[in-house]
1. Tell me which residues come under 5 Å, amide H to amide H, from Ile249 once H is placed; ignore anything under 5 positions away on its chain.
2. With the dipole of segment 35-107 worked out from charges on the C-beta (+1 for Lys and Arg, -1 for Asp and Glu) around the Cα centre, which of Ser101, Gln71, Thr37 lies farthest toward the positive end?
3. What net charge is computed for the residues neighbouring Arg99, neighbours being all others with C-beta under 12 Å from the C-beta of Arg99, Lys and Arg scored +1, Asp and Glu -1?
4. For Arg273, Arg35, what's the fewest-to-most ordering of other Cβ within 10 Å of each Cβ?
5. Tell me the label-point distance for the pair Ile128, Glu284, using the 7 Å Cα-to-Cβ offset, in nm and rounded to one decimal.
6. Might you report the magnitude of the Cβ-based charge dipole of segment 1-130 about its Cα centre, with Lys and Arg at +1 and Asp and Glu at -1, to the nearest 20 debye?
7. Name the residue farthest towards the positive end of the dipole of segment 1-130 from the options Leu55, Gln122, Ala18, assuming +1 on Cβ of Lys and Arg, -1 on Cβ of Asp and Glu, about the Cα centre.
8. Using a basic spin-label model with each label point 7 Å from the Cα along Cα→Cβ, how many nm lie between Ala242 and Thr37?
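Every read-out reported here was derived from the displayed coordinates using simple, explicitly stated rules and does not represent laboratory data. The shown structure was predicted, so the numbers you read here are calculated from the model rather than taken from an experiment. With ideal geometry, Cβ positions are generated from the backbone for all residues, glycine too; neighbour counts draw on all protein chains shown.
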Amino acid sequence: MSTHQEKPQSIQPDSEYAAEQTFRAWATRRLELYRETEQQVQNGIEHMLQLASELTRKMEEEAEQLIARYQREREIFEREIDTLRQELQTMRVAMAEERLSHQDRLKRERQRHDADLQQQQQQANEKIERQMAEANVQHERFLTEAYADRDRVLEETRQLSEQLGVLRQSLQGLLGSASPQPELSRSAAMPSPAKNQTQSDSLDQSLVSEEQSEDGSMLHVENVGSISQASELMDSIAQHEAVMSATLISFEHELLVLALDHDPSLKIADLLREEFADQVEVIEARPDATRLRYKS
């Protein structure tokens with residue numbers, strides 16, 4: 001019995017010891033694993049810190065390089081901007097000077113042009129005045145010569161009329177005519193036209209002329225442009241067998257006034273329409289006066 005009882009007592013301490021040894025071994029192993037893990041973590045942290053430090057250093061270096069390059073480029077840009085600003089300011093000054101110079105030049109050109117234009121206008125006015133004075137003098141000379149030629153032609157016409165009358169009387173005397181034709185008279189002198197006299201004034205004066213006979217009528221012919229036309233028309237009318245005589249009253253302002261002596265029963269307007277239709281046209285017909293227009 002004593003032997004059986006001693007065995008449990010010896011086994012129990014051994015199991016406790018084994019358990020304690022196992023726990024110690026496990027604790028030691030766990031401590032080693034913890035230390036290894038901690039070492040690996042420390043190594044990893046150190047590696048990461050080293051990588052981070054290198055990355056930071058590289059980033060700082062790159063940042064410094066970029067900042068330095070940006071600073072250099074900024075300095076270059078600032079110098080270029082300053083140069084451009086100086087050039088712009090220089091150009092502005094030059095443009096302002098050029099504008100002032102151009103304005104002064106335009107002002108001088110305008111003044112010179114105005115002076116030249118005024119001088120040319122004054123010269124043109126003087127030339128026009130000289131030409132007008134010369135034209136007036138020439139007009140007066142031509143007018144004087146025309147009046148002289150008119151008076152000469154009228155005098156020659158009067159002399160020819162007198163000679164023609166004398167010749168007709170001589171021929172009628174030789175032929176023994178019982179009732180000789182009255183002398184064709186054109187002895188009335190042409191009055192000089194006044195500057196302010198109109199055709200209507202001449203017509204009114206001729207209507208009351210003392211040259212009108214009781215057996216005749218007045219003849220007013222308008223649009224007679226020359227003395228030759230007046231003389232030709234007067235000769236044509238005077239040479240007609242129904243007209244006894246034709247006396248020149250006036251010829252001025254293209255208006256020819258004649259005093260006709262004819263048979264009172266003769267209608268002079270009808271005679272003129274029939275015999276002188278190619279030379280004149282009748283405008284107005286009255287017993288004492290007839291108005292005609294010369295066909296030029």
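1. The list, which skips near neighbours in sequence, is Val257, Leu258, Ala259.
2. Working it through, the farthest residue towards the positive pole turns out to be Ser101.
3. Around Arg99, the charge tally is -1.
4. Going from sparsest to densest Cβ surroundings: Arg35, Arg273.
5. So the two model labels end up 4.1 nm from each other.
6. 880 debye
7. Gln122
8. 16.7 nm
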